[in-house]
Each structure stands twice: as C-alpha cells, then as structure tokens.
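To keep things clear, I will list the structure first and then write my remarks on it.
The values are calculated or read from the model by the stated rules, or taken from the named source; none is laboratory data. Keep in mind it's a predicted model, so treat the numbers as computed, not measured. Heads up, the Cβs are rebuilt from the backbone with ideal geometry, glycines too, and the neighbour counts pull from every protein chain shown.
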Amino acid sequence: MGSEGEQMPLFTAAEVGGTYRVRSQPTTLEISAQALETWKQRVFSFQQAVQAQTTTQQDSLFAGAPSIDQMAASIDPFSLPRQNIEFWRRQAIDVGVAAYYFVMDDALPLLLYVGETVKSNQRWKGEHDCKRYVQSYVEAHHSNGLRAAVNIGFYRWAPEQTRDRQLLETALIERWRSPFNKQNWGFWGTPFVGKK
C-alpha cells in the first residue's frame, strides 16, 4: 500500500493487459470501456447492497438518541432531488445552509463523492479537487462512448456545528464507500483522482 493520498492502481497489470494507463501530457485518463464498466459495477453492487439495508432497517420507537451510524443510515442520497453539477455558476439569492452534498452518476446510479458544507450555495465556487475527479470521470466515459450523468444532491438538514457535521460526513463516507473520497481510494483503486 502506498503513502496516504497516493493513487492506488485500479487493477493489476495482469488483469488489465495494458488497457489502463495515464498519459503524462495531457493528463487525460486512458481506461478501456471494459475496465471502466467493471469498476463501476463493483461500486454499484456494493452501494445497492447498502441501499437495500437502508430500506429494510426499522428504528425502535422506544430507542434513545440515534447513533452516528443510525443517522447515516437514515440518509438515502439516491432519493435526494438533483441539480446540475455546475449549479454554483448561477447567481444564488443567499449563501445557503449547512448541508451534505452527494455527487452522483445517475446513469447507473453511483454515489461518487460525499461532502459537507456550512454554505450550500457557495461550496463549489473556486477550487475543489472533486471537480477534477468528475472531469476525469466524464472524459473517460466520453472517450469510450459511454454515458455519464453526473449531478449533485443536497441534504439540507445537516448539523450547524462543524464537528457534528463532519462526524456524520465521515460515517456517510464509510457507509457508502464513495470512491472519490480519499478515505476510499485504497478500497476502489480509483483511477480518476490522479495527482495534479
């Protein structure tokens, strides 16, 4: 395993047989359609199993305050209304609210990234590494003639306190194993998060 933050390979060289490589210039990701579809299917299968657990769990009427894991289980990112991933370019009336945001590919569907913010209408203005990951992901689809429909959904009932919000964000990342979050790079071997 590499150092923290280092990109892990998607497949071994034997599994890929030369179909996966990253050019040094320009920094366009080259990945075969088959490798991309296989990677997506792994993520999809895992997340569908998590979603099935979410819909079958029943909370006790007499239980005390829910745990972080129970709160994470109560949020279904796949049921949230979606916005265009470029939402931040439009003029917002206000700065927004404390929220969790979920970057999704609705073509399969896949949850790609989980984030938290104190200002939902301003979070993606400026630099954000996930924008680069999304761009690489969409370009890989286009170069292989595959469809991607990347959007974003907001859960607008996040805790106001930063620490509380971040604790639940971590639980959501662990629960869904969103592949663009650094915590899950080693698990999925995500090829879309290469260094700048």
Original post:
Out of all the residues in segment 114-164, which are at pLDDT below 90, in contact with a strand residue (DSSP E or B) (Cβ under 6 Å, 6 or more places away or on another chain) and under 30 Å from ALA33 (Cα atoms)?
Top reply: CYS130
Subject >> Hey, PRO191 more than 22 Å from SER79 (Cα to Cα), of a type outside the set (Lys, Arg) and modelled with pLDDT under 95 or not >> reply: yes
**OP:** Find the residue count for segment 58-86, including only residues that are of a type in the set (A, V, I, L, M, F, W, C), out of contact with any strand residue (DSSP E or B) (no Cβ under 6 Å at 6 or more places or on another chain) and modelled with pLDDT of 90 or more.
**Re:** 5
